[in-house]
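**Student:** First the structure, which I've put down as structure tokens, then a few questions once you've had a look.
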Amino acid sequence: MVDAERKPQPNNPSHDSILSWLPQNPFIGPPLPAWMNIRWPQPPASWEPQSPRRYVTKVTITGSPQAEISSPVSTQEVAGKELASKRAAKLSQAVPTHLVVDSLLKLKRHKRLKQSSLCTYEKRWRHFARVFELMPEELDPILDYLAQFDGETGRYKRDRQDLLSMLYQHAVTRFGMASNPLKGVDRPQVTKKPIKTLSLEQVVLVDSTLETLTERAVWELLAGHGWRQVEVRRITAEDVCNIHDGLIWCWGKERHELTPILPETQALLQLMTDTLPNKEPIFQGRRIRHGQTEPLGEDGMSQLINRLFSRAGISYKGHDLRRTFATLVQGASGNEFLAMRLIRDKIPGQSERYINYSVGQLREDLERYSPLRLIRKAPARREQDFLVETGESRTPRPEEATQNMLQA
């Protein structure tokens, strides 16, 4: 019994109230009657009921203290949450594609590659970055991306795969990517097409369909000199002004070198450079950006050449003109070495040029055997006895070169 005259002190628990905790605890015994006016101690704050078969979920309600509600969670839900967390962690470690592209282009510029090569790299990689914001780590999406480049020969798809493999290898080396998904993937097989060349009759036909000064200049450089299309697009006004003794500087595929040029072609180029600055390319496109005409690009050059072939009613590619030049020169001169030297390509059976051929002699041979001179002096030949392959297709094997020399 508690003394009725003794008043309880809730703020300062007395010895009696502490001793009375045991019988008053609701988890052990029933509480005392309320009329007794004795404080009912609470259980320790650290205590909370738990069940081994339930997960405790905390729910915060606005305007009220945090409450804990226990709810059952299935094994499938737990596995789904773990998978989602793994995916989130994987995304947090993914490499942004544009950062890899920027870094690799910086290294390519440090390597001092040609501007045209840098533009090609950037164009291809930026296209991949627009499709994939993050570098895919699985092979399937990459193969789906490459499936759109399904050309007739497979060369385009193979080139794209090589560029992507280069990009992924840089991501592994510099950005800590786990692995290169394209490593070990076989390159697409390329189907080689038979060499196509124009006959002298077809050269005469195309030569008669030229309409503008630009078309005439491009035609003479491609068909009359055997230049590559990219070499034609690189000619600047300064290069034309520096022509001396029938020689012009050509920004070739492998080197910057002097090469002969026909007098009539030189006159055409000089007409086109009257009002151009020295560093300006002489061949301009149709697109105008920021009030200025852009230089003739790869697509613009292809469209120009296709227009020439369309007017003549024949079906060829731009690079066939380079093969035509080499074939016609070899057929007229009987000298395969001369044909390959005039187009500044590798000599069959040799990896480098060991023979120092006089540029003066090259100029004389060009004036004598250029298809532009042949169509004005020699009758057209319907069939060619020889076909010369350039370095862009296939260099003849040593045994083939030897057999051709013995037959000659």
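**Student:** Using a 7 Å offset from the Cα along the Cα-to-Cβ direction at both ARG373 and ARG255, what is the distance between the two label points in nm, to one decimal?
**Tutor:** 2.4
**Student:** A further question follows. Pairs to check: LYS114/LYS193; LYS106/LYS279; LYS183/LYS317; LYS192/LYS317. Give those whose C-alpha atoms are more than 22 Å from each other in this structure.
**Tutor:** From the list (LYS114/LYS193; LYS106/LYS279; LYS183/LYS317; LYS192/LYS317), the Cα-Cα distance tops 22 Å for LYS114/LYS193; LYS106/LYS279; LYS183/LYS317.
**Student:** To the nearest 20 debye, what is the magnitude of the charge dipole of segment 127-243 about its Cα centre, counting +1 on the Cβ of each Lys and Arg and -1 on the Cβ of each Asp and Glu?
**Tutor:** So the dipole magnitude of segment 127-243 works out to roughly 360 debye.
**Student:** Hey, another quick one. Specify the inter-centroid distance of segment 129-205 and segment 234-275, based on alpha-carbon positions, in whole Å.
**Tutor:** 35
**Student:** Also: Between GLU364 and PHE132, what is the spin-label point distance in nm, taking each point 7 Å from the Cα along the Cα→C-beta axis?
**Tutor:** 5.9
**Student:** Full-extension gain between ARG311 and LYS196, please, as 0.36 nm times their residue separation minus the C-alpha to C-alpha distance.
**Tutor:** Contour length minus Cα-Cα distance gives 39.5 nm.
**Student:** Give me TRP227, TRP249 ranked fewest to most by other Cβ atoms within 10 Å of their Cβ, as a rough exposure proxy. All intermediate terms of the calculation are to be shown ahead of the outcome.
**Tutor:** Details: TRP227 25, TRP249 18.
Listing TRP227, TRP249 from fewest to most nearby Cβ atoms yields TRP249, TRP227.
**Student:** For segment 122-165, which GluC sites (Glu not before Pro) pass both filters: DSSP loop (anything but H, G, I, E, B) and at most 11 other C-beta atoms within 10 Å?
**Tutor:** GLU133, GLU138, GLU152
**Student:** Next question, about the same structure. If Lys and Arg each add +1 and Asp and Glu each add -1, what is the summed charge of the other residues whose beta carbon sits under 13 Å from the beta carbon of GLN169?
**Tutor:** Taking every Cβ under 13 Å from that of GLN169, the sum is +1.
Computed from the coordinates by the stated procedures, all read-outs in this text should not be read as laboratory data. In this text, all values refer to a predicted model and were calculated from it rather than measured experimentally. Here Cβ is always computed from backbone atoms with ideal geometry, including for glycine, and neighbour counts include all displayed protein chains.
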